[in-house]
1. Quick one: 3J(HN,Hα) in Hz for region A:78-85, Karplus 6.51/-1.76/1.60 with θ = phi - 60°, rounded, Gly and Pro as x.
2. What is the average number of partner chain Cβ atoms found within 10 Å of a Cβ in A:39-52?
3. Rank A:140, A:130, B:179 by how far each Cα sits towards the positive end of the charge dipole of the protein assembly as shown (+1 on Lys, Arg Cβ; -1 on Asp, Glu Cβ) and give me just the farthest.
4. Sequence-distant or interchain residues sharing an amide H contact under 5 Å with residue A:109, placed H: which?
5. Looking at the square roots a ≥ b ≥ c of the eigenvalues of the Cα gyration tensor of region A:68-144, which shape do they give, rounded for a/c under 1.5, prolate if a/b is larger than b/c, or oblate?
6. In whole Hz, what ³J(HN,Hα) sequence does region B:89-106 give by Karplus (6.51, -1.76, 1.60; θ = phi - 60°), x for Gly and Pro?
7. If you average 1/r over every pair of different alpha-carbon atoms in the protein assembly as shown and take one over that average, what Kirkwood value in Å do you get?
8. Write down the percent of antiparallel bridges among all DSSP beta bridges whose residues are both part of chain B, to the nearest 5.
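We did not get these values from a lab; they are worked out from the coordinates using the rules stated. Just so you know, these numbers come straight off a predicted model, no measurement behind them. A quick note on method: Cβ atoms are made from the backbone with ideal geometry, for glycine too, and the neighbour counts reach across all protein chains shown.
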Amino acid sequence: MDFYQNRVLRGILLAIRVVLGAVFVYGGYVKLRLPWALFGMAIDSYHLVPLRYVEPLARTIPWFEVVLGLLLIFGRFMRISTAAVSLTLAIFFAAMLRAFLNHQQIDCGCFGPGDPISKWTLLRDGSLLAGALLLTWTALRSPRRMA
Amino acid sequence: MKLYTIALVALLPCLAATPDVDKGKALGLPTAPIRMEIFSDFTCPHCRALHEEMLPLLMKEFVVTGKLYLVDRAFPLTGPGHEYSREAFGYAVAAARIGKYQEVADALYTYQQVWAKDGNVWDCVSAVLKNPADQKKVKDLSKDPGVLAEIEAEYQEGVQGGINVTPTMVVTVGGKRFPLPTAPNYELLRSMLNGFLPK
């Protein structure tokens, strides 16, 4: 019974890891296909970062997302990659929550333009964060690579 | 002189506008690689800032040079402070019918704080339309069912496109539409537009 439960757990963790990785790769890819300034405007609309940092962030975050997504999908450097994904999602979620609570009618910027921050986007990103935290916790507890 | 002529030609509302565009409210060449629609309201202070500060920069750098086709879209707001919004759009769209949209739009934004409070929208519009014949045409056309239907159609287009705040700019490149954040930084907007232009 314990063995069966472990297999189920491993399957769930594998699914979360692949889905989360795919979401990161897709999010990065969508931004890379468009001019960096389009994502830059989304970052700027949060009013969290001075303008001089917007361009470096808009140019690097999408690549960062793609690399992290691929590491998750292929299960490499799991302790570091899951922790980095959790931290990234925690920052994104906090920024979105702040904008939502301040009634800022802005785009999330998560998957390109046209995705306004709403309860739905918060639920979506909150779920991703929960999944990432679970992966991080499991990776840090496990002495060896996960499934 | 040559540059001035080119600028004037580009600034003229284009005769060959695409069917879904009110040519009287558009600036630039319809064949430009980028189309930008601006959903705005004459009673909205942010729209006024965009019209007075960002629009001249866009005109100089992108419209006159044939890179951008700029289309004004009506998005009349409702509620306190916006009581005369529809009336203002009535005059503006009517003015577009006789090729005087830009003059009327300029005046409506310049004196926004006056007419939006006292409701004397016509005083503002008639002051810029000096010719009595033009004044009569605009006054009559402002009640024309076609004009009112155009305002409503553009408003509904905005609502269906998820627009709930003004000004909202929507950029169309290669058939794909990209709604932009409200009141973006001009340097970022310029970088984005340049990024969309063919290399």
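1. Calculated HN-Hα couplings, in order: 4, 5, 6, 5, 5, 5, 5, 5 Hz.
2. Details: counts 2, 9, 12, 4, 2, 6, 7, 1, 0, 0, 0, 0, 3, 0.
Mean shielding by partner chains, rounded to a whole number: 3.
3. A:140
4. Under 5 Å from the amide H of residue A:109: A:115.
5. Numbers: a/c = 3.20, a/b = 2.24, b/c = 1.43.
Prolate, since a/c reaches 1.5 and a/b exceeds b/c.
6. In residue order, the calculated couplings are 5, x, 5, 5, 5, 5, 5, 4, 5, 10, x, 10, 4, 4, 4, 5, 4, 4 Hz.
7. On the way: mean 1/r = 0.0442 Å⁻¹.
For the protein assembly as shown, the Kirkwood estimate is 22.6 Å.
8. Values: 12 of 19 bridges.
If we restrict to bridges inside chain B, about 65 percent are antiparallel.
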